[in-house]
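A.B. asks: Pasting a structure below so you can have a look.
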Amino acid sequence: MSRSAHPAGPRHADVLPEGHYSAPPADLNVLDPKVWSRTVGRTAEGRVTVGGIEVTRLAEEFGTPAYFLDEADFRARCRAWSDAFGSDADVFYAGKAFLSRAVVRWLHEEGLNLDVCSGGELATALDAGMPAERIAFHGNNKTEDEIHRAVEAGVGRIVLDSFQEIVRVSHIAERLGRRQRVQIRVTVGVEAHTHEFIATAHEDQKFGIALAGGQAAEAVRRALKLDGLELIGIHSHIGSQIFDMAGFEVSARRVVQLLAEVRDEHGVELPEIDLGGGLGIAYTSDDDPREPHEIAKALNEIVTRECAAADLRTPRISVEPGRAIVGPTAFTLYEVGTVKPLEGLRTYVSVDGGMSDNIRTALYDAEYTVALVSRSSDAEPMLVRVVGKHCESGDIVVRDAFLPADLAPGDLIAVPATGAYCRSMASNYNHALRPPVVAVRDGAARVIVRRETEEDLLRLDVG
Ligand code: LLP
């Protein structure tokens, strides 16, 4: 995840400290379209706009910190994924990246399916009108109550994650007089090249059932015997923020091998495979993500080839992108509160949010960029660390980046690519109020998740 130290070019300090940064961009006013959502631009006066609205107006109307979600971009990405995979495959948006009623309606309108992994996500999906048969239910420890609600609602599939769950889901389905469509999640033994906490297909971890040692084959054996279950396929999710397609190829190959073993042992050709989510996005200009059509082509080719070699009918493929759809569509807008130059080190820029609205930097050492958006500036670049207002020094939003040296309190700065796993992982640490999510489209902005209030906090505090 790290870039090389690159101390070159004009700066406020003669010697720059070691860090994960590249040289400052030639012009700090330029917004790289790789990391900013599609309708973001800058007016002739230097103010940044999204969906045709200036961020200064957005800040006045909605306050800061706030997430601004580019609805046109979100919908375009949904369409790019479903067009790339076509009618022979299914795209499930992974709701854990960010879920709200509005998002569910957009997904529905754009023809996508939805992956949920908790009762809360299921409730949001159903409440906003997602047809149950287009919902997949995930999780390594679904409660009986969650399983009951999912089966009763008629979800299209439950992804089984353990031997206990195979029996649990079958019993609940039988009690409800149903036969639940299920997939079995396997771990294929791939070491995905990503942060340890978001890699999920090596064997020493909590998700899925290992292919190794015949565990997954045994799970299939058991599932096929149970009356409450209709086993429709095998699921594999290898991790998150992955750029290299090789891991997906190995995963697809091993899943197809299991399908062939199942056919040989039981005379059953399972009709579906799900290759999970995990496709990386550009957080900085150094990241080069794959386009959905390249991903679809690579996955289709490998599955078709492996199936032909094993003399299997090609199963229906599904994928579960979360970050790749919503991640690039939002930025977080902050107001600068203090600017503190540390001689010979860097300048600390404190904003009105922090690790409560973006925990990813502290948790995964994630890299972000930042830009001055309320005006343009021709001042020299200065090396900054953007920090929040929380009571710990690990409260870092952007570890190393460049902002103009004339940055001052009251300026608005924005961190792009915060659509995924920022609002959904936001917390109330230090009794911070979680920021709103504002959808912007064609010159109109509307709150889709409102800002938390102190009354919201006190309402839960019943002591
Ligand atoms: N499918 C399954 C079964 C998953 O567990 C996940 C993510 C996805 C799909 C979607 O993955 P995506 O396409 O969004 O990478 N909080 C971490 C990411 C955790 C991902 C958990 N599972 C982060 O902020 O990077």
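The values are calculated or read from the model by the stated rules, or taken from the named source; none is laboratory data. All values reported here derive from a predicted model rather than from experimental measurement. Neighbour counts run over all protein chains shown; Cβ positions are idealised from the backbone, glycine included. Ligands, DNA and RNA are stripped out before the accessible areas are found, and what is left, the full protein with its side chains, is counted by its heavy atoms. Shrake-Rupley method; radii C 1.70, N 1.55, O 1.52, S 1.80 Å.
A.B. asks: For the subset of segment 335-367 comprising residues that are among the hydroxyl-bearing types (Ser, Thr, Tyr) and open to solvent by less than 20 Å² (accessible area, probe 1.4 Å), which member is farthest from the ligand (Cβ to nearest atom)?
C.D. replies: Let us first name the residues in segment 335-367 that are among the hydroxyl-bearing types (Ser, Thr, Tyr), namely 338, 347-348, 350, 356, 361, 364.
Still in the running and open to solvent by less than 20 Å² (accessible area, probe 1.4 Å): 347, 356, 361.
Values: Thr347: 27, Ser356: 15, Thr361: 10 Å.
Among them, the one singled out is Thr347.
A.B. asks: Given the criteria of a type in the set (Lys, Arg) and more than 15 Å from Ile234 (Cα to Cα), does Arg157 qualify? Working first, answer last.
C.D. replies: Details: of a type in the set (Lys, Arg): yes; more than 15 Å from Ile234 (Cα to Cα): no.
In short, no.
A.B. asks: Looking at segment 243-262, I want the residues that are within 15 Å of Ile209 (Cα to Cα) and have a partner that is of a type in the set (Ser, Thr, Tyr) and open to solvent by less than 40 Å² (accessible area, probe 1.4 Å) with Cβ atoms under 7 Å, at least 6 apart or on another chain. Which pairs are those?
C.D. replies: Listed by first residue and then by second, the contacts come to Ser251/Ser236; Val255/Ser236.
A.B. asks: Do any residues in segment 399-428 that are on the phi > 0 side of the Ramachandran plot have Cβ atoms under 7 Å from those of residues that are more than 11 Å from the ligand (Cβ to nearest atom) and in a strand (DSSP E or B), where the two are at least six apart or on different chains, and which pairs are they?
C.D. replies: The qualifying pairs are Gly410/Glu335; Gly410/Val336.
A.B. asks: Still on this structure: Specify which of the listed residues (Gly322, Gly327) is under 23 Å from Ala432 (Cβ atoms), within 13 Å of the ligand (Cβ to nearest atom) and crowded, with 24+ Cβ neighbours inside 10 Å.
C.D. replies: Details: Gly322 fails: under 23 Å from Ala432 (Cβ atoms).
From the options Gly322, Gly327, the qualifying one is Gly327.
A.B. asks: From the list Ala252, Ala219, which one is more than 25 Å from the chain's Cα centre (by Cα), crowded, with 24+ Cβ neighbours inside 10 Å and either part of a helix (DSSP H, G or I) or within 16 Å of the ligand (Cβ to nearest atom) (or both)? Full working, then the answer.
C.D. replies: Details: Ala252 fails: more than 25 Å from the chain's Cα centre (by Cα).
After applying the criteria, what remains is Ala219.
A.B. asks: I'm told Glu380 meets every condition in (1) closer than 27 Å to Ile281 by Cα; (2) open to solvent by 20 Å² or more (accessible area, probe 1.4 Å) except one. Can you identify the failing condition by its number?
C.D. replies: Only one criterion in (1) closer than 27 Å to Ile281 by Cα; (2) open to solvent by 20 Å² or more (accessible area, probe 1.4 Å) is unmet by Glu380, namely (1).
A.B. asks: With Gly120, Gly177 as the choices, which residue is free of Cβ contacts under 8 Å to residues at least 24 places away in the same chain and under 21 Å from the mean Cα position of the chain (by Cα)? Can you show your working first?
C.D. replies: Working: Gly177 fails: under 21 Å from the mean Cα position of the chain (by Cα).
Step by step, each of Gly120, Gly177 is checked, and only Gly120 is free of Cβ contacts under 8 Å to residues at least 24 places away in the same chain and under 21 Å from the mean Cα position of the chain (by Cα).
A.B. asks: Let me ask you something else. What residue, of Ser82, Ser87, is within 16 Å of Arg316 (Cβ to Cβ), modelled with pLDDT of 95 or more and either part of a strand (DSSP E or B) or of a type outside the set (Phe, Trp, Tyr) (or both)? Write out each step before concluding.
C.D. replies: Numbers: Ser87 fails: modelled with pLDDT of 95 or more.
The match here is Ser82.
A.B. asks: Restricting attention to segment 224-239, does a residue exist that is open to solvent by 30 Å² or more (accessible area, probe 1.4 Å), within 13 Å of the ligand (Cβ to nearest atom) and not in a strand (DSSP E or B)? Please lay out each step first, then the result.
C.D. replies: First pass over segment 224-239, keeping only residues open to solvent by 30 Å² or more (accessible area, probe 1.4 Å): 224-227, 230, 237.
Filter again for within 13 Å of the ligand (Cβ to nearest atom), leaving 237.
Now narrow it down to the ones that are not in a strand (DSSP E or B): 237.
Yes, segment 224-239 has at least one match.
A.B. asks: Search segment 272-283 for residues that are over 12 Å from Ile242 (Cα atoms) and aromatic (Phe, Trp, Tyr) and pair each with any residue that is within 8 Å of the ligand (Cβ to nearest atom) and open to solvent by 10 Å² or more (accessible area, probe 1.4 Å) when their beta-carbon atoms are under 9 Å apart and the residues are at least 6 apart or on different chains.
C.D. replies: Hits for this filter: Tyr283/Gln241.
A.B. asks: Additional query: Exactly one condition in (1) farther than 23 Å from Val256 by Cα; (2) open to solvent by 10 Å² or more (accessible area, probe 1.4 Å); (3) more than 12 Å from the ligand (Cβ to nearest atom) is false for Thr284; which is it?
C.D. replies: (2)
A.B. asks: Taking strands (runs of 3 or more DSSP E) that do not extend beyond segment 389-442, which have at least 1 residues that are in contact with a Lys or Arg (Cβ under 8 Å, 6 or more places away or on another chain) and either surrounded by fewer than 16 Cβ atoms within 10 Å (Cβ to Cβ) or modelled with pLDDT of 95 or more (or both)? Give the steps one after another, and end with the answer.
C.D. replies: On the way: elements: 396-404, 412-416, 437-441.
Ranges flagged: 396-404, 437-441.
A.B. asks: From Arg385, Arg399, Arg375, which residue is within 16 Å of the ligand (Cβ to nearest atom) and in contact with an Asp or Glu (Cβ under 8 Å, 6 or more places away or on another chain)? Outline the logic, then answer.
C.D. replies: Working: Arg385 fails: within 16 Å of the ligand (Cβ to nearest atom); Arg375 fails: within 16 Å of the ligand (Cβ to nearest atom).
The match here is Arg399.
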